Amino acid sequence: CFATAVRGSDPVKAPTVAFAFDIDGVLTQGSNTLPQAKRVLRMLSGENEWNQKFPYILMTNGGGKSEAQRCKELSERLETKIDKSMFMQSHTIMGSPVLPYLDQYADKPIMVLGGIGDACRQIAHDYGYRNVVTPIDVLAWNKNIWPFHQITSEEKKVARTDFDFANTPIHAIAVFHDPRNWALDVQVCLDIVTRGSKSRPAFVSDENPSLSTLRAKIESEEPVELIFCNPDLIWRGAYAKPRLGQGGFREAFQGVHQALHSRRYPAKQLGKPTAETYMHAEDMIMRQIRGISGNSGITDHKQSIYMIGDNPESDIAGANAAGWNSILVHTGVYSPSEGPPSHIPTLEAPDVEEAVYAAISRTR
Ligand code: G3P
Ligand code: MG
C-alpha cells in the first residue's frame, strides 16, 4: 500500500509533484462522492506531514453548468475549496482566447447544444458569445421542425422568440454538453449543416418552402462549423456500468449524416484527449505551481505532472501524448477484468488515494 509507505517519511522534504484529476469515475461516481477523494484532496491541500500544499487541478469532459457553479458544488461535495483557477471542464476552452472561436463567432449567430434548459446558452453568453440559439428555439419557432416532441412549458419559458430562422444564417454549432433530446438535436443539426451555410439560412418558413436547397450543391458558400467539446463515447456515473456520453451523440449525428450523404460531416473535436485541452490544462497547472511557494523545485514540469483518470481513451491517451505521467484507476470506466487498457498508463492503482501516494512515492 503506497499510502503507508509514504506516511511518516522524511517530514522535511515535500515531493515535487503536481496533479490533474479527472472527476467522473475518479473523484465521483455520479451523485456518489468517493471518500478516498475527500481524504486525499484534503491531504494535498496542506493537511500532511510536510505542511505543504500540492498543486493540482480538476479536469473533466463533463459540463453543462458554469465553472463557478461547478466549483461551488465540487467544494461542498469534496469538502475542499475548489476555485476556477483549478477547474477545467469540456467547454471551458470555448471561452479561451487561445482558440479562434470567440474572435470568429462572438457577434455571429451560433447554435449551442447540450445540458438542461437554457444553461449552456447562459454559459456561452458568459464566455462572450452574444447571439446564441438552441434547438428548442427552433422548435418554438416552428413545431413542424420535429413533430415527435411537444415543447414543454419549461422549455417555452427559456426559448428565444426574437430570432428569424428563415432569414438568418447560423455560422457554427458548438456541442457544449451532452444533449438530452438526441432526436431533435440531430434533426436540427442536420438541417443547419446540410441546408445552411455561413451566408444561407438553413430553415424555411412554411409559406416559402422552395427557398431551401441542399448546400452541398452550392460549393461557393462557406460551410457551417461544427464543434464537439467532449469525445467520450462512455463515462462512469452512479450506475455500475459505463453510460453513453457526448461521443455517443456525435456518432448518432454522424451516422445519420453518413447514411443520407455518404460521408461524415467535418467537425472539430475538443476535450480530453485532444492537444488543445491538455495545453490549456498544463497552463493552469503551471499557474498553480508558480502560485504555491516551495514548489519552485519543479523544473521539468511535464515529468512532475500526474494525470489520474478512469478512461484510457481520454485521460490516459491525452496525458501520455502531452508527455505527462498517467495513472489509471479502477473506480470508473476501465476494469482490469477487461484485459489491458487501450492506452498504457505509467501506473495503475485501485483508486485515487492509492494513485496519489504512488505518484508521491515515485518522486521522493
Ligand atoms: O459527461 C461527463 C463524461 O463524459 C466524463 O467526465 O469527468 O470522466 O471526464 P470525466
Ligand atoms: Mg472519468
Look at region 32-72 and say how many of its residues are modelled with pLDDT under 95, of a type in the set (Gly, Ala, Ser) and out of contact with any Ser or Thr (no Cβ under 6 Å at 6 or more places or on another chain). 1
Consider ALA319 carefully, then state whether it is in contact with a strand residue (DSSP E or B) (Cβ under 8 Å, 6 or more places away or on another chain) and outside any strand (DSSP E or B). yes
Answer yes if at least one residue in region 231-239 is within 16 Å of ligand 1 (Cβ to nearest atom), surrounded by fewer than 16 Cβ atoms within 10 Å (Cβ to Cβ) and in a helix (DSSP H, G or I), and no otherwise. no
Select from region 93-127 the residues that are among the hydroxyl-bearing types (Ser, Thr, Tyr) and in a loop (DSSP other than H, G, I, E, B) and list them in ascending order. SER96
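Which of the residues belonging to region 51-66 are open to solvent by 20 Å² or more (accessible area, probe 1.4 Å) and farther than 16 Å from ARG121 by Cβ?
Narrowing region 51-66 to residues open to solvent by 20 Å² or more (accessible area, probe 1.4 Å): 51-53, 65-66.
ASN51, GLN52, LYS53, listed by residue number.
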In region 240-257, which residues are part of a loop (DSSP other than H, G, I, E, B), more than 13 Å from ligand 2 (Cβ to nearest atom) and touching a residue at least 12 places away in the same chain (Cβ under 8 Å)? none
List every residue pair whose Cβ atoms sit under 7 Å apart, with the two residues 6 or more apart in sequence or on different chains, where the first one lies in region 351-364 and is within 20 Å of THR28 (Cβ to Cβ) and the second, anywhere, is surrounded by fewer than 21 Cβ atoms within 10 Å (Cβ to Cβ) and charged (D, E, K, R). GLU353/ARG39
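Listed here are the residues, each with its yes/no results for (1) under 19 Å from the mean Cα position of the chain (by Cα); (2) crowded, with 20+ Cβ neighbours inside 10 Å; (3) over 27 Å from GLY64 (Cα atoms); (4) within 13 Å of ligand 1 (Cβ to nearest atom).
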{"site": "LYS272", "(1), (2), (3), (4)": "yes, yes, no, yes"}
{"site": "THR277", "(1), (2), (3), (4)": "yes, yes, no, yes"}
{"site": "ASP283", "(1), (2), (3), (4)": "yes, no, no, no"}
{"site": "MET286", "(1), (2), (3), (4)": "no, no, no, no"}
{"site": "LYS302", "(1), (2), (3), (4)": "no, no, yes, no"}
{"site": "GLY323", "(1), (2), (3), (4)": "no, no, yes, no"}
{"site": "THR346", "(1), (2), (3), (4)": "no, no, yes, no"}
{"site": "GLU353", "(1), (2), (3), (4)": "no, yes, yes, no"}
{"site": "THR363", "(1), (2), (3), (4)": "no, no, yes, no"}
Residue, farthest from ligand 1 (Cβ to nearest atom), within region 325-338, restricted to residues that are under 17 Å from ASP232 (Cα atoms) and in a loop (DSSP other than H, G, I, E, B): SER335
Pick from region 67-111 the residues that are of a type in the set (Gly, Ala, Ser), within 28 Å of ILE234 (Cα to Cα) and open to solvent by less than 40 Å² (accessible area, probe 1.4 Å): which of them is nearest to ligand 1 (Cβ to nearest atom)? SER90
Given the conditions (1) β-branched (Val, Ile, Thr); (2) modelled with pLDDT of 95 or more; (3) surrounded by fewer than 20 Cβ atoms within 10 Å (Cβ to Cβ); (4) under 21 Å from the mean Cα position of the chain (by Cα), every one holds for ILE116 apart from (2)
Test GLY25 against the criterion of being modelled with pLDDT of 95 or more, over 12 Å from ILE360 (Cα atoms) and either open to solvent by less than 70 Å² (accessible area, probe 1.4 Å) or within 16 Å of ligand 1 (Cβ to nearest atom) (or both), and give yes or no. yes
From (1) farther than 16 Å from ILE170 by Cα; (2) modelled with pLDDT of 95 or more, pick out the condition that doesn't hold for ALA106. (1)
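The values are calculated or read from the model by the stated rules, or taken from the named source; none is laboratory data. All of these numbers come straight from a predicted model, not from anything done at the bench. Glycine gets a Cβ as well: all are built from the backbone with ideal geometry, and neighbour counts include every protein chain shown. Just the protein is used for accessible areas: all its heavy atoms, side chains included, with ligands, DNA and RNA removed. Shrake-Rupley method; radii C 1.70, N 1.55, O 1.52, S 1.80 Å.
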